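Trainee: Here it is, the structure, as structure tokens.
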Amino acid sequence: MKRIRLVKNIRIISETNEPDLKAIQATGIAELEYLPTPALVKARDYKKPPEDGIYELDFVLGNTAGDPVNVEMEVNVVFRLKEMPDWVKGIKVNARENSDIELLL
């Protein structure tokens, strides 16, 4: 697995409705050698029609398309964590060229 090149920002979000639930949001810069192609693919094999009549598709990043592009783009991810251990004082996110720490308040 290839690490993101740079971490720009991390944030810990506490949910008011669910105090045990934390969200860790990280923003960074990724280097892409190829652009993946977004695709819709069947979520299941429909040998017989589903009872609810709903045809499910998964939204995925498929195979890469075209020539190498070598671009940088900003990426954002949210990681939800239920029941963080009591000993945690902060979160550190590592990238290839840097890291960032956000302390719990």
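Trainee: Looking only at residues in region 4-25 that are among the polar types (S, T, N, Q) and in a loop (DSSP other than H, G, I, E, B), which one is modelled with the lowest pLDDT?
Mentor: Start the filter on region 4-25 by keeping residues that are among the polar types (S, T, N, Q), which leaves 9, 14, 16-17, 25.
Pick out the ones that are also in a loop (DSSP other than H, G, I, E, B) and you get 16-17.
Details: THR16: 82, ASN17: 86.
By that ranking, first place goes to THR16.
Trainee: Only residues that are surrounded by 10 or more Cβ atoms within 10 Å (Cβ to Cβ), under 21 Å from the mean Cα position of the chain (by Cα) and not acidic (Asp, Glu): list them for region 42-72, please.
Mentor: ALA43, LEU57, VAL60, LEU61, GLY62, THR64, VAL71
Trainee: Are there any pairs with C-beta distances below 6 angstrom linking a residue in region 76-97 that is farther than 15 Å from GLN25 by Cα to a residue that is at pLDDT 90 or above, with the two at least 6 apart or on different chains, and if so which?
Mentor: Cβ pairs passing all conditions: ARG96/ARG5; GLU97/ARG5; GLU97/LEU6.
Trainee: Also: Just to be sure before I move on: is VAL93 part of a strand (DSSP E or B) and surrounded by 11 or more Cβ atoms within 10 Å (Cβ to Cβ) in the structure I sent? Steps first, please.
Mentor: Details: part of a strand (DSSP E or B): yes; surrounded by 11 or more Cβ atoms within 10 Å (Cβ to Cβ): yes.
The answer is yes for VAL93.
Trainee: Name the single residue, out of those in region 26-40 being in contact with a Leu (Cβ under 8 Å, 6 or more places away or on another chain) and modelled with pLDDT of 85 or more, that is farthest from ASN76 (Cα to Cα). Reasoning before the result, please.
Mentor: Step one: of region 26-40, the residues in contact with a Leu (Cβ under 8 Å, 6 or more places away or on another chain) are 28-29, 36-40.
This time we only want the ones that are modelled with pLDDT of 85 or more, so: 28-29.
Details: GLY28: 7, ILE29: 9 Å.
That would be ILE29.
Trainee: Mind checking whether some residue in region 20-42 is out of contact with any Pro (no Cβ under 7 Å at 6 or more places or on another chain), among the aromatic types (Phe, Trp, Tyr) and over 30 Å from GLU83 (Cβ atoms)? Give the steps one after another, and end with the answer.
Mentor: In the first step, residues of region 20-42 are kept if they are out of contact with any Pro (no Cβ under 7 Å at 6 or more places or on another chain); the result is 20-32, 35-42.
Next, only the ones that are among the aromatic types (Phe, Trp, Tyr) stay: none.
No; the residues of region 20-42 include none that is out of contact with any Pro (no Cβ under 7 Å at 6 or more places or on another chain), among the aromatic types (Phe, Trp, Tyr) and over 30 Å from GLU83 (Cβ atoms).
Trainee: Okay, next question. Could you count how many residues in region 42-80 are outside any strand (DSSP E or B) and of a type in the set (D, E, K, R)?
Mentor: The first filter runs over region 42-80 and keeps only residues outside any strand (DSSP E or B), leaving 43-56, 66-70.
This time we only want the ones that are of a type in the set (D, E, K, R), so: 44-45, 47-48, 51-52, 56, 67.
Matching residues across region 42-80 total 8.
The values are calculated or read from the model by the stated rules, or taken from the named source; none is laboratory data. Model, not experiment: these values are computed from the prediction. Quick reminder, even Gly has a Cβ in these numbers, built from the backbone with ideal geometry, and neighbours come from all protein chains shown.
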